[in-house]
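Structure first, commentary second.
The values are calculated or read from the model by the stated rules, or taken from the named source; none is laboratory data. Nothing here was measured: the structure is a model prediction, and the numbers come from that model. Cβ atoms come from the backbone with ideal geometry, glycine included; neighbour counts cover every protein chain shown. Accessible surface areas use protein heavy atoms only, side chains included; no ligands, DNA or RNA. Shrake-Rupley method; radii C 1.70, N 1.55, O 1.52, S 1.80 Å.
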Amino acid sequence: MTLSQPEQNAAEREAMEWQAQLSSDRLSEAQRLAFENWLTQSAENAAAWRAVNDFWNGLDGVSLDDLGTDTAAPPQKIRPLRPKQHHWRTGLALAASVLLLVGLIDPEFDSYLADYRSATGQQRQVALEDGSTLLLNTASAVSVDYSPERRLVTLHSGEAFFTVAANPGRPFIVQTEAGQVQALGTAFDVKREGETAFVTVFEHAVKVTNRSGAVKGRLVEGERLQFNGDRLEPAGRIDLQRAAAWHRRRMVFQDRPLAEVVAELDRYRPGKLLIISAAIEKLPITGVFGIADTDVALASIEQSLPVSVRKLPGGLVLLSAR
């Protein structure tokens, strides 16, 4: 029997949630029995559960093409923390102030005039006239300006993955607020965070020039570089399987602090995620989550960690110590 897409998605979400619960130190006997019952209810549940474990166990050895498997893995087990007092009034006041500022001040106004845009939580594939392609990640915007002398793409906001068609006579350049990236090969990723940019090379190499004129002549495959208008940081090696996860609508974390994970989740959902208890910011998370349903990730965090997730009107979500 062929599994329909809704059934497949439901089994996958349930498998993610069970994986998170089973990794928790708070697992009860009743939960364990409920899992065993769920696992034997259908072949779809069993297949989804195998996929979850197979994906995570084989993550380090797969190719970029293999990374598209629809799977997830649980947050790492951690030792519970002593609950802290909840200062809800202070947290709510801070959250309201943040949302007000976000609504009134928009530094990325030029994004609205871009040629191609993606909404929050959306990805968009674009085929360019020269045969190059770009994949826009969540809340991203680019403009394209092709001339006989060069191919210029301006990244106004967000993140994009570029696969460049070879044409030595017309250099392919990605412009950001921090400077520019010139393709010396095929595939690379550029991410903008305010006035800072990050470049990850997946195939061949790129040349990076910041706004002040500092140059990294050759950033090669498997390297990542951070730069702004004044400084080029040293290049570092990066795990390309994990770096490419967003191309396949996945977020991959290995022993990352909760604050970092929440910041990444926040990129893929409307509203705002805020941690209002400093005690939980450094809790380690290991897992694979789908970017299309960040509620599953939040549920996994709440089930596996001493964290309370409170959803408020307007898309505001507060995370505090439990």
Q: All but one of (1) in contact with a Ser or Thr (Cβ under 9 Å, 6 or more places away or on another chain); (2) open to solvent by 20 Å² or more (accessible area, probe 1.4 Å); (3) of a type in the set (A, V, I, L, M, F, W, C) hold for PHE172, so report the exception by its number.
A: (2)
**Q.** Number of the exception - LEU273 against (1) part of a helix (DSSP H, G or I); (2) open to solvent by less than 40 Å² (accessible area, probe 1.4 Å)
**A.** (1)
Q. How do the pairs read when you match residues in segment 154-181 that are in contact (Cβ under 8 Å) with a residue 12 or more places away in the chain with residues anywhere that are aliphatic (A, V, I, L, M) and not in a strand (DSSP E or B), using Cβ under 6 Å and keeping only pairs 6 or more apart or on different chains?
A. HIS156/ALA114; GLY158/ALA139; PHE172/VAL164
Q. Do we find a residue being in contact with an Asp or Glu (Cβ under 7 Å, 6 or more places away or on another chain) and in a helix (DSSP H, G or I) anywhere in segment 277-298?
A. yes
Q: Evaluate segment 255-270: report whether one residue or more is crowded, with 18+ Cβ neighbours inside 10 Å, in a loop (DSSP other than H, G, I, E, B) and either under 12 Å from the mean Cα position of the chain (by Cα) or touching a residue at least 24 places away in the same chain (Cβ under 8 Å) (or both).
A: yes
Q | Test for LEU134: is it modelled with pLDDT of 95 or more, touching an Asp or Glu at 6+ places or on another chain (Cβ under 7 Å) and either open to solvent by less than 60 Å² (accessible area, probe 1.4 Å) or at positive phi (or both) | A | no
Q: Please list, ordered by first then second residue, the pairs with beta carbon atoms under 7 Å, 6 or more apart or interchain, first in segment 225-252 and under 10 Å from THR200 (Cα atoms), second of a type in the set (Phe, Trp, Tyr).
A: GLN226/PHE198; LEU240/PHE202; ALA244/PHE202
Q | Residue pairs meeting the criteria (Cβ under 7 Å; at least 6 apart or on separate chains; first farther than 19 Å from TYR268 by Cβ, in segment 131-142; second open to solvent by 10 Å² or more (accessible area, probe 1.4 Å) and in a loop (DSSP other than H, G, I, E, B)) | A | GLY131/ALA165; SER132/VAL164; SER132/ALA165
Q) Given the residues ASN210, ASN228, which is the only one that is in contact with a Ser or Thr (Cβ under 9 Å, 6 or more places away or on another chain) and of a type in the set (S, T, N, Q)? A) ASN228
